[in-house]
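Below: the structure, in C-alpha cells.
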C-alpha cells in the first residue's frame, strides 16, 4: 500500500491508478440522451489532483475538456449560498432523496420543496435563486470557474445546451411543477435556459479540480478572498457526501468515502478536506449514472492513500 | 316518493329538488384559483333534464351560461374515440386513479400513461391526439357542442382561457412530463393552449344536458347520425361512473348511482342510460372539487325517481 | 342478438355462452400460491343465473363447489353494514384504490384507513368489526350463505384455510399495520384466523348466485326479512361496480357493465339490479387476478341480453 | 475556539459543552410510545468520549444507564457483517431511504429489500440473519457490549422489551411484509422477540462510547482481536454518516459532520475515525426522533475541536 506523506507528490499514485484502470475491462456506456455525450469514447480516462496552493497533478486525458454537467451544481450552490445564506434552506432541503435524480414523486409528497440541491429539482431552485440575485446565473458560474481554474477557455458548449433543451421535457416538468407550488421566481423558460447553459460547461479535470479547491481551503477562493464561511464549506462537503452521486450516495460513501459530485458527462469531483481536490473523467456510466472508471479510480485513490474521511 | 312513469314530465321533480336545495344551508366555496370562477355566487343553482327527443326541463339558473371546465373532457373523449377507436387505449388507461386529479405520482410509476381520460393528464393526452387528427381540437369540440345543443352561442371564454394559462404550471408540468415519456405528439405549449381553451367553454345546463344526450341515445347524435358505436357509448358511461368525479367516484356512485362528470366551475353532467341526460350547476365546491349542491341535487333526483343504475 | 324479455328464461343464453367459451382458446392460469387452488383445472367452467324468486338456471360445472375466496367479502360487508350502519365508513373508505389488492403504500399515506371494503386491508377491517359485534364473523357468514342458498353443504375448506394461513405474511403485515394505526380491534392472529376461514368458503355457482339475490331484491333476504335498506343495497352494488375486481374495476365496468366481485378461486358474482344475480366460475386467471373465461362470459351475457346497467 | 491537540484531554471541552447545554432552553420531548421511555426526564444530559486505548472522559449523567434502542443496530450490523461478509448486501441495501424509519412504502416499491441496515426493516433483516447464524442474536449482542465496555452490568431491560412487544404492530407488519417477499428466515414472532430484546439494551454513555471504539480502531476489538476488516469498519462509518439518524442524516452530516447513530431513548453514538468515539444522551427528542441536546452537543464538539470529517 502506498501511504502518502505530506512530502509526497500525488503523481505516482495517479499513474498507478491509471495503469490499473487501463487493465480493467468494462466501462459502462456513455450517456446517449443527447448526441454530444453519446459521441464520447467510453474508454477515455483522465484524473487530476489539485492541492490548496494550486499545484495540480494529472494523468491520462486530464487536460481534455469534457461536459461537466451536474458537477456544476456544486459551484452554483456555493455561489448562491455565499449570497443568500441559510435562507436558501427554506426552498430546498439537505436530505438524501432515496429516489432517482429526476423523480417528481417525492416533490409532490413534499409540496414542491426538493430534497437537496443536487437532484435536478433542487438545482433548478438554486439556479432560480442565483439568477434572481445576479441577473445572470450562468454568467456568474462561468466567471467563477474561469477565475478558480485560471483558464479563460472554460466555456459553455452551445450545441450541448441546445441538445439539453431539446430533450428537456423532464426538467421543464420539474420547473413548472415547483412553480405551481410557488417555489420558482423566474419564468420557467428563462430558468431552463440558465440551467441548460450551466449543464453545458466544458472544462478539463485540471480545471474542475482547481475550481473545487475552495472547498479544500474551507471556503477561500484562489485569490485569497473568502467565498464561504468555514461552516458553509463544511456543509457543502456534507451535502456532497450524502447527496452527490444520485441514488448511489450510500454506495459512494461506502466505497470511496469522500464528498463527491458526479455528472452524466462522466466526470466526478471529490474533496479531501484540508488536503486536496480531485477530478476524474471517463464517459462510460453505470446504471445509476455515475462513471464506472471514475468511481473505481477514486476507490483506488482512497485505498492507496488512506485519504478517506472515514 | 315520486316514482317517474314514462308519461310523467321531469318538471315537478326538478321543482321539488330546487325547493329542497334552496332550504339547505352550506354550499361549499367556489373555485378561487382564477378570478372568473372566484367571482361566481356559490348559491347559484340550476338544473336541466334532456330527453332523447330533445325535450328539456329546467329549474333555477338552468339557462345561465357557466364555465364548463372538465365537463368538456367527456365530449373530447367521445370525439377522439369516434375517430381513433381502441388505439386510444394504448395511450391512456380506463382505471380509477385513487389519486387527486392533477397528481404526477402515479404517472411516474406508470411511465407516463395516465390512468384514465378524466384526470388532467389523461385529458391532455386525449386533446393531444384529437388535435393531431383534426388540427383543431378545441374547434371540433365547440362545433359539436353547438350542434348538439342547438345553441350557436356556446363559446370559449377568452378571459377564462387566459387565466387558466396564467395558472397553468401544474398542467404544463403534466404535459412536459408525459412528453418526456413520448406520450405527447404536439409541442406542449400548443397542446396547453388547446386544452385551456376547451376548459373555458361557457354553456348552460340546458346546453350541456342536450349535448350529453348522444350517450342516452347510445351514440347517436342529435341529427340522427352515429358518432359512437353502442358499445363505445356504453364504455364512456362506464368510465364516467368509475372515474368521472375525481377522487370521489366511489362516493358519487354510492350516493347518486349514475355515470357523471363534474367540473370545477360547479357543473355536473349525468346520464340515465336510455332515458335522459342531466346537468346541474352550483359553483360552491366540496374539498374534492365537486359541486356541493350539484351532488345533493343528483342524489335527490335518483332517490325521488328511482332512476339510479343500481 | 338475443334480447331477453321478461317471459324468456335465461337457459338458452347460458348455453350459447358456454358453447362460445368452449371454443375460445386461452384461459389464463389458476392461482398457484396455495396447493388447493393450483390443483384446479383452468378449463373448468360453470355459470348460474338466479332470479329473485329463487329460480336458478345453470350451465357447465354450475353445481360444483369451488373456493369462493374474495367473493365472500361482499357478504361480510353486507352482514356488518346491516349491524353497524354508516359508522363502518369511518374505518374503511368507498373509493377505488388504483393499486394492487394487497398494497400497503396507499394505506400508509392514508393513515391506516383502507380505501374500500374489497381490497384485502378493507376486508380485514370489515371482518374485524363483524367479529367484534358477533363473536364469530366466519360463523355468521356461513350461516348466511347456507340460508340464502338453501344448501347446508356450503362449508369452510380447512385445508384451504390452513394453506392461506401458511402463506399469510402479506395479510399479517396488513393486519399489524392497521393495528399500529388503531384501526383493528381484535388481536391480529384472531382476526387472521377469521379472515382466512372466510376465504376458504366452498360453494357452487348456484349457491353463490342465490346468496347474491338479496342485492337483486334491494336488501331482502330469501326468507323475506330485510337485511339492508334499499339504499344500503344500492350502495353495495355501487362499491362492487367501482371496486369489485381489484385494479381492473374500470375495465370490468367498461366490458361488462355490472356490479361484480371476483375471487382468486376463479369465481365472479354479478348483479343485474332488480332482475337477477349471476355467478360464473373458471379457475384460469388473468394477470390482475380475475377469471379469464368468467369475465368473457359476463361480457357475452350483457351483450346478448342488453342487461348492462349502462 | 478550543482546537484539540494530541496531548490535550477531552475533559475541558466536555465541561464547556455541558455548561452551554445547561443554559440552553428547549429539549424536545421524550419518546412516549412506551412507559419506560416516557418516564425519562427530558433534561437529563450525559456525554462521554472514549479513546482507542480505553481512556474515557465524561460529563453529566455519563455513567447512568439508559435505553440504547436503535444505537444497538450498529453493533448487530458489525456482528453479522463479521460473519457473513458482503453476502449480507443481497438482503439489505446501503442507501439513505429518504423516508421515515418505519415506512413500508419504499419496501413495497423495492420488493422487500430494505434500503439500509439502520431503518427498522433493515435492522430486522440483519437481526434475522445474525440469529440464523448464531442461534441467539441478542445474546451475541449482549456479550459483545459487555466485553467492549468492560461492564458486565450492561443488560436487557425486560420491561422495555415487553413494552416494545406490546406496541410492536408496526415492526410486526415490517417483519411479515418482508417475509412475504422471502427476505426473512426465522418465524416472524421469533425474530421480533430477538429484535425487541436488542432494543431494550440498557447501558451508559461510557459503556456505549467504549463499545464503539472498535470503529475508531478500524475494526479491532478491545482485546486486540480483529472483528472487521479495515474496509468493513470504514463501510460501517460511511453507512452511519449517510443513514444513521433516520430522515435527518443530511442535516446531521451538515451540522455535526461525523458518522453517528441515534436511538429514541435519546442516545447518540458518533465516531471520529482514528481518534475517538463519543456517546451523548438526553431523552428529549426532536420531531425526527433525534435527541435535541444530543445533536447540539455533538455540533458544539466538532465546532470546538475541529474534529469533523469534513
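The values are calculated or read from the model by the stated rules, or taken from the named source; none is laboratory data. Treat the numbers as computed from the prediction; the structure is a model and nothing was measured. FYI the Cβ positions are ideal-geometry reconstructions off the backbone, even for glycines, and counts take in every protein chain you see.
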The conditions are (1) touching a strand residue (DSSP E or B) at 6+ places or on another chain (Cβ under 7 Å); (2) loosely packed, with under 13 Cβ neighbours inside 10 Å; (3) under 20 Å from residue C:119 (Cβ atoms), and residue C:11 fails exactly one of them. Which is it? (3)
Scan segment D:150-157 and give yes if some residue there is touching a residue at least 12 places away in the same chain (Cβ under 8 Å), within 14 Å of another protein chain (Cβ to nearest Cβ), farther than 20 Å from residue D:98 by Cα and in contact with a helix residue (DSSP H, G or I) (Cβ under 7 Å, 6 or more places away or on another chain), otherwise no. no
Could you please let me know if residue C:248 is assigned to a helix (DSSP H, G or I), more than 21 Å from residue C:89 (Cα to Cα), in contact (Cβ under 8 Å) with a residue 24 or more places away in the chain and within 14 Å of another protein chain (Cβ to nearest Cβ)? yes
Residue among B:57, B:109 that alone is more than 14 Å from chain C (Cβ to nearest Cβ) and surrounded by fewer than 22 Cβ atoms within 10 Å (Cβ to Cβ): B:57
So, in segment B:91-108, exactly how many residues are at pLDDT 80 or above and farther than 14 Å from residue C:97 by Cα? 5
Conditions: (1) within 22 Å of residue D:258 (Cβ to Cβ); (2) over 22 Å from the mean Cα position of the chain (by Cα); (3) not in a helix (DSSP H, G or I). Residue D:16 meets all but one. Number of the miss? (3)
Residue check for residue B:282: within 14 Å of chain C (Cβ to nearest Cβ) and either more than 28 Å from residue B:64 (Cβ to Cβ) or surrounded by 24 or more Cβ atoms within 10 Å (Cβ to Cβ) (or both): no
Candidate set from segment D:182-192 (those that are touching a residue at least 24 places away in the same chain (Cβ under 8 Å) and in contact with a helix residue (DSSP H, G or I) (Cβ under 7 Å, 6 or more places away or on another chain)); member that is nearest to the other protein chains (Cβ to nearest Cβ): D:184
Sort out which residues of segment A:143-180 are within 14 Å of residue A:195 (Cα to Cα) and in contact with a strand residue (DSSP E or B) (Cβ under 7 Å, 6 or more places away or on another chain), and write them in order of number. A:156, A:157, A:160
Can you name the condition, by its number, that residue A:295 falls short on among (1) in contact (Cβ under 8 Å) with a residue 60 or more places away in the chain; (2) buried (at least 24 other Cβ atoms within 10 Å of the Cβ); (3) away from chain D (no Cβ under 12 Å)? (1)
Among the residues of segment C:229-243, is any part of a loop (DSSP other than H, G, I, E, B), within 14 Å of another protein chain (Cβ to nearest Cβ) and surrounded by fewer than 22 Cβ atoms within 10 Å (Cβ to Cβ)? yes
For the list (1) assigned to a helix (DSSP H, G or I); (2) in contact with a helix residue (DSSP H, G or I) (Cβ under 8 Å, 6 or more places away or on another chain); (3) at pLDDT 95 or above, I need the number of the one condition that residue D:223 fails. (1)
State which residue is modelled with the highest pLDDT when the search covers only segment B:244-274 and only residues that are under 15 Å from residue B:212 (Cβ atoms) and surrounded by fewer than 24 Cβ atoms within 10 Å (Cβ to Cβ). B:272
Are any residues in segment C:163-181 assigned to a helix (DSSP H, G or I), more than 8 Å from every other protein chain (Cβ to nearest Cβ) and surrounded by fewer than 24 Cβ atoms within 10 Å (Cβ to Cβ), and if so, which ones? C:163, C:165, C:166
Given the conditions (1) free of Cβ contacts under 8 Å to residues at least 40 places away in the same chain; (2) under 30 Å from residue B:105 (Cβ atoms), and given that residue D:121 satisfies all but one, which numbered condition is not satisfied? (1)
Does segment C:211-219 contain any residue that is within 15 Å of the chain's Cα centre (by Cα), buried (at least 24 other Cβ atoms within 10 Å of the Cβ) and over 30 Å from residue B:245 (Cβ atoms)? yes
Does residue A:300 satisfy being within 14 Å of chain D (Cβ to nearest Cβ), surrounded by fewer than 24 Cβ atoms within 10 Å (Cβ to Cβ) and part of a helix (DSSP H, G or I)? yes
For segment B:18-31, state whether one or more residues are within 14 Å of another protein chain (Cβ to nearest Cβ), crowded, with 16+ Cβ neighbours inside 10 Å and either in contact (Cβ under 8 Å) with a residue 24 or more places away in the chain or touching a strand residue (DSSP E or B) at 6+ places or on another chain (Cβ under 7 Å) (or both). no
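So that you can scan it fast, the table gives a plain yes or no per residue for (1) more than 13 Å from residue B:202 (Cβ to Cβ); (2) modelled with pLDDT under 95:
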position	(1), (2)
B:130	yes, no
B:133	yes, no
B:140	yes, no
B:143	yes, no
B:151	no, no
B:154	no, no
B:166	yes, yes
B:170	yes, yes
B:179	yes, no
Looking at (1) part of a loop (DSSP other than H, G, I, E, B); (2) facing chain C (nearest Cβ under 9 Å), find the lone condition where residue B:265 falls short. (2)
So how many residues does segment C:114-137 have that are more than 11 Å from chain B (Cβ to nearest Cβ) and either surrounded by 24 or more Cβ atoms within 10 Å (Cβ to Cβ) or within 16 Å of residue C:172 (Cα to Cα) (or both)? 13
